[in-house]
Amino acid sequence: MNNPFESIETRLSNIESLLLDIKHKPEETENKLHSVKSLALLSGVSELTVRNWITEGKIKAKRIGRRLFIEQTQFAKGLEEVKSLKYKR
């Protein structure tokens with residue numbers, strides 16, 4: 001006769017291993033392209049400020065046609081640099 005506690009123990013260990021796999025799974029970061037307008041809205045600054053950061057070289061942008069697009073990771077790096085420069089004054 002099967003012990004019901006053994007089957008519960010096996011199922012719990014399976015659930016625990018699945019949870020550990022989920023917990024230690026590396027996060028996939030999607031590198032989205034944002035327009036100048038969308039980044040201005042996200043960061044709470046004007047579009048001109050974002051464009052100035054691009055021309056000053058603080059943020060790297062890609063030109064597709066006539067529009068400028070910024071990768072999300074590049075914007076995060078550039079924003080850290082802008083914040084650090086702001087407090088160095």
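The values are calculated or read from the model by the stated rules, or taken from the named source; none is laboratory data. These figures come from a predicted structure and were not determined experimentally. Here the Cβ positions follow ideal geometry from the backbone for every residue, glycine too, while neighbour counts run over all protein chains shown. Heavy atoms of the whole protein, side chains included, go into the accessibility calculation; ligands, DNA and RNA do not. Shrake-Rupley method; radii C 1.70, N 1.55, O 1.52, S 1.80 Å.
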>> Net charge within 11 Å of residue 39 by Cβ-Cβ distance, Lys/Arg positive one each and Asp/Glu negative one each, not counting residue 39 itself?
In response: +1
> Which sequence of 51, 11, 67 reflects their accessible areas, 1.4 Å probe, from the largest down?
Replying inline: 11, 67, 51
> Roughly how many Å² is the accessible area per residue of the stretch 1-72, as a whole number, for a 1.4 Å probe?
Replying inline: 88 Å²
